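**Q** Mind looking over this structure? Questions follow.
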Amino acid sequence: MQIWLFNPPTDRLSVQALQTAGVSTIVTSGKTTDMAHENALYDVFDHYAMIHVFTSTAQTEDQAIDIHQQPVQWFNSGCPNSPTIRRRFYAEMERLLAQPIRGVFLDGVRFSSPDSSTNPTSFLSCFCSQCKQDMTSRGYDALSITKDVQSIAEMLCSPELTKRWLKALYSPSGWMSLQMAYPGLADWLNYRVDCITEFVQELAIWMKARHPHKELAAFLFQPCLAYFVGQGYNRLSPHLKIVSPMIYRNYQHRPGPATINQEIATMARFVHEASRLPFSECIEDLLRILGPKIDGDVPQDPQGPLAMSIEHATDEVLAATALAGSQDKVVPIIWAGDPKLRQILAELRGIGLKNCILFTYEAGLASHGEGFHELYAQG
Ligand SMILES: [Zn+2]
């Protein structure tokens, strides 16, 4: 298995050390992309650059709007349908693709998740006039969607109703009951997937026309959470060369949007704060509903650590493979600081994975964990 590095150090000595260790492919973001260009790292490594997709602007009309019609900030992003945001994104794509990189990784190609903002209602977005118009033009009933998402927001403020649904959703028939009680909720999630799929499809067509030799890849939420933020693996994968599930099973730095441990913990905290049900009950129910196997104990308060098992991580990679239709396409990104890094890499090798990416924002050999060279030596 090849291990690619996210944001490696770019000074000459470190680059030589990485080459000696056997690193062949890197993915960079922000300033590290600029440093990689300055130091001509594309001569040394296969180089992909990451691009943040729906970057917010200073303009009010580009902000995402929540179900209460209030503007919300999420993951430094605005409304995915904002024409200005999309225009700026394409301009940035042109700038990056003018460099001799192999391709780009999309980041944040989605709608908001619970942990993408400190505002609990950012997940319940976007209900701006552009998005509602877009729902209608795709054949959705924007009024029904708005009404049912509002009902869910109100329901979360009732301890009795929240408790009832948290228990009911243990079973598939509970999900069916929820869908029948609030049909607009499923339409809302389907709309999000339609919107993001079409964005990526248009982008893939543009890439083929303007940069036919460069690759389009995307960092995606892991499959058990992806549909909630508008990412349908089966629909996105035909347009992507690489799909990269973000498998951070126990990410410790906060905030950690997209990491399953923090997304679920934040979801539980928001439900607890709205409903006043005990946090421990909310998180236990959510873990049972969403189904991930955990490593260690369930935290009893919002600050407690939560970790998913290694088995959960491999299950999610297998799910991504099944949904994407090809294992060659799946290059998961895992947290370099995972204390069980060797074990997780061994498990990924065991399921026949060809490539994976080690993630860290703290560039440097030391931050990629103990025995970095040994990891490479194992291949
Ligand atoms: Zn919008």
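Coordinate-derived values only; no laboratory data. Because the structure is a prediction, the values reported are computed rather than measured. Cβ placement follows ideal geometry from the backbone for every residue including glycine, while neighbour counts extend to all protein chains displayed.
**Q** Quick one: Arg95 ticks every box in (1) within 16 Å of the ligand (Cβ to nearest atom); (2) over 13 Å from the mean Cα position of the chain (by Cα) bar one, so which box is it?
**A** Status for Arg95: all satisfied but (1).
**Q** Only strands (runs of 3 or more DSSP E) wholly contained in the stretch 2-100 count here; list those with 1 or more residues that are without any contact (Cβ under 8 Å) to a residue 24 or more places away in the chain and within 25 Å of Ala204 (Cα to Cα).
**A** Output list reads 25-28.
**Q** On to the next question. Taking into account only those residues within the stretch 56-83 that are surrounded by fewer than 18 Cβ atoms within 10 Å (Cβ to Cβ) and within 27 Å of Val27 (Cβ to Cβ), which is farthest from the ligand (Cβ to nearest atom)?
**A** Asn76
**Q** Here is a further query. With (1) outside any helix (DSSP H, G or I); (2) within 14 Å of the ligand (Cβ to nearest atom); (3) surrounded by fewer than 18 Cβ atoms within 10 Å (Cβ to Cβ); (4) hydroxyl-bearing (Ser, Thr, Tyr) as the list, and Ser122 as the residue in question, which single condition is left unmet?
**A** (3)
**Q** Sticking with this structure for a sec: Is one or more of the residues making up the stretch 107-119 closer than 19 Å to Thr55 by Cα, without any contact (Cβ under 8 Å) to a residue 40 or more places away in the chain, assigned to a loop (DSSP other than H, G, I, E, B) and touching an Asp or Glu at 6+ places or on another chain (Cβ under 9 Å)?
**A** no
**Q** What residue, of Thr20, Thr33, is more than 30 Å from Cys128 (Cα to Cα), of a type in the set (Ser, Thr, Tyr) and surrounded by 20 or more Cβ atoms within 10 Å (Cβ to Cβ)?
**A** Being more than 30 Å from Cys128 (Cα to Cα), of a type in the set (Ser, Thr, Tyr) and surrounded by 20 or more Cβ atoms within 10 Å (Cβ to Cβ) holds for just one of Thr20, Thr33, which is Thr33.
Residues are listed down the side, and each one gets a yes or a no for (1) more than 26 Å from Cys131 (Cα to Cα); (2) small (Gly, Ala, Ser); (3) in a loop (DSSP other than H, G, I, E, B):
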residue: Ile205; (1), (2), (3): no, no, no
residue: Ala217; (1), (2), (3): no, yes, no
residue: Glu263; (1), (2), (3): no, no, no
residue: Leu277; (1), (2), (3): yes, no, yes
residue: Ser280; (1), (2), (3): yes, yes, no
residue: Val298; (1), (2), (3): yes, no, yes
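**Q** Now a separate question. Under the condition of being within 21 Å of Ile357 (Cα to Cα) and surrounded by fewer than 20 Cβ atoms within 10 Å (Cβ to Cβ), which residue from the stretch 240-283 is nearest to the chain's Cα centre (by Cα)?
**A** Result: Gly256.
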